[in-house]
Structures are given as C-alpha cells and as structure tokens.
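Okay, structure first, notes after.
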Amino acid sequence: MLDPDFLLCELLTVPSDVAIRAAAEISGCEACSADAELPFDWVLADAMGRPGMFEFILAAPVRCPLCHRPVTEKTLVDRVVGIEVSV
Ligand SMILES: [Zn+2]
C-alpha cells in the first residue's frame, strides 16, 4: 500500500514581498519573450528558499516587468541571472 501523503505536494503561500522579489528576477513572460521557458514557480522556489515538492500560491498577483500581463505560478518566464544591468 502506498502512503497517500507521500504523493501530496505541500501548499505554500508566497508572501507578496517575496513574490515581488521573484518578479524582479524575471525579464519577460511567455507572452512577450521567446526565451521564456522557466515556470515562475521555479523562481518562487528559489526566492522562498524552499526547493522541492511544493505547490506555490501567490498571495498577490504579480505582473511581467516588460508587458505588464499578470504572471501566475505556472506562467513561463525568462529569468535575469546575475547583477542588475542599470547604467
Ligand atoms: Zn511579459
């Protein structure tokens, strides 16, 4: 017999400050970037410091910094890696 709990993902609510920090790491979403191939919840997992079997729920919706469309947990995004590039 399989333990049903083993198959469940833990649900974690993402606080809005963490969601905003995660959104700051993306440069575009699937609607506006051809390079968007990373699910936003991967970025959330990093921002939360909780990699693993979690389902993330955004406490507040975030928007793509480029096209301002709503970004959900499952939206594919293009991630900015590294330092800010403001001059
Ligand atoms: Zn976008």
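For this structure, a couple of remarks:
- Going from the residue with the fewest nearby Cβ atoms within 10 Å to the one with the most, LEU44, LEU38 rank LEU38, LEU44.
- About its Cα centre, the dipole of region 10-87 is roughly 200 debye, where the only charges are +1 on Lys and Arg Cβ and -1 on Asp and Glu Cβ.
Only the coordinates and a few stated rules stand behind these numbers; no lab work does. Remember, predicted model here, so these are calculated numbers, not experimental data. Here the Cβ is made from the backbone with ideal geometry for all residues, glycine too, and neighbour counts use every protein chain on show.
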